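Visitor: Mind looking over this structure? Questions follow.
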Amino acid sequence: MTALGFLYPGHSAEDDYPRIEQLLGSDIRLDVVHTDIGTDAHRVDALLEMGSAERLAAAGVEELRMSGAESVVWACTSGSFVHGWEGAQEQVRTLAVTAGMPASSTSFAFVHAAKEIGAGRVAVAATYPDDVAGLFADFLRAGGIEVLQVRGAGIITAAEVGTWGEEEVLALARQADSPDAGAVLLPDTALHTATHIPALEKELGKPVLTANQVTVWEALRLTDRRVNAPSLGALFTREPIVQV
């Protein structure tokens, strides 16, 4: 049994994790600990505080250690990339020391996952306001990923994002897609996507990377595990995406 730990801010789309655990269909356990979200707002000041070292240190890493977790991922994209590349690196270094295990964040997961599938050029479909979506694009560029197009939905709170269903997710992905993009990225962990990935990839005819999907993949990567799970999209299978 491989146990993976996640620090998830608040309560929006955390039910993606037991669903992903089921879809993995393997000897893998996903342990989710909720952090205090503070102010629920996709604003730079609120996001900086949400991902502060003090807040994460008090978030329950001891609980994850006791559960036998072998890695931990800060399951918040905006609460990591808002610190910039260097700041996000320091964030996960501090988390690794505090937790006593390999650590990462969803922002780095996107960079690693895009490279894993060979998507050097991407489009971003973000639920965030435009300024925050732009910071995510800057983070990707710092990681060596070319961003061709960014579409922000302008949603302020994670609570609202958590109410979106497949129709809204598909619409945002279609609006953001670029013909030259090797993948479309949906960066919000408050967005339910675990059950929508096959439909997204079929609709767009290319790999789609979503926040909770890449977060789990990153935790597996930190433990040197690779799992074939086609229902979780191209990232979890070597089978090519059929262009339609």
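Visitor: Tell me the mean residue ellipticity at 222 nm calculated for the chain from its helices only (DSSP H runs of n ≥ 4, each -39500 (n - 2.57), averaged over every residue, nearest 500). Walk me through the numbers before you get to the answer.
Guide: Working: 12 runs with 107 residues, N = 244.
Mean residue ellipticity, 222 nm, calculated: -12500 deg cm²/dmol.
Visitor: Grab the Cα-Cα distance for ASP180 and GLU166, subtract it from 0.36 nm times how many residues apart they are, and report the gain in nm with one decimal. Before the final figure, lay out the partial values.
Guide: Details: separation 14, 0.36 × 14 = 5.04 nm, distance 2.41 nm.
So the chain would gain 2.6 nm between ASP180 and GLU166.
Visitor: Still on this structure, please answer the following. For a Förster distance of 22 Å, can you work out the FRET efficiency between the beta-carbons of ARG226 and MET1, rounded to the nearest 0.05?
Guide: Details: r = 16 Å, r/R0 = 0.74.
Calculated value: 0.85.
Visitor: Suppose R0 equals 41 Å. What FRET efficiency, 1/(1 + (r/R0)^6) with r the Cβ-Cβ distance, do GLN22 and GLU62 give to the nearest 0.05?
Guide: Values: r = 27 Å, r/R0 = 0.66.
The value I calculate is 0.90.
Visitor: Taking H as built 1.01 Å from N, whose amide H comes closer than 5 Å to the amide H of ARG29, not counting residues under 5 places away?
Guide: Under 5 Å from the amide H of ARG29: THR2, ALA3, LEU4.
Visitor: Search the structure for amide H atoms under 5 Å from the amide H of ALA153, placed 1.01 Å from N in the peptide plane, and list their residues when 5 or more places away or on another chain.
Guide: Amide H neighbours of ALA153, under 5 Å, 5+ apart: ALA126, THR127, TYR128.
Visitor: Could you give each residue of the range 112-121 its phi-based ³J(HN,Hα) in whole Hz, using Karplus coefficients 6.51, -1.76, 1.60 with θ = phi - 60°, and x for Gly or Pro?
Guide: 5, 5, 4, 5, 4, 9, x, 9, x, 10
Visitor: Using +1 on the beta carbon of Lys and Arg, -1 on that of Asp and Glu, and nothing else charged, what's the dipole of the chain about the Cα centre, debye to 20?
Guide: Working: 17 positive and 33 negative charges, 144 e Å.
Dipole size: approximately 700 debye.
Visitor: So, one more: Pick the calculated Cα extents along the principal axes in Å for this structure from (1) 52, 38, 38; (2) 71, 44, 30; (3) 47, 39, 33?
Guide: (3)
Every number here is computed from the coordinates shown, using simple stated rules; none is lab data. Note that the structure is predicted; figures quoted are calculated from it, not measured. Cβ coordinates were reconstructed from backbone atoms using ideal geometry, including for glycine residues, and neighbour counts include every protein chain displayed.
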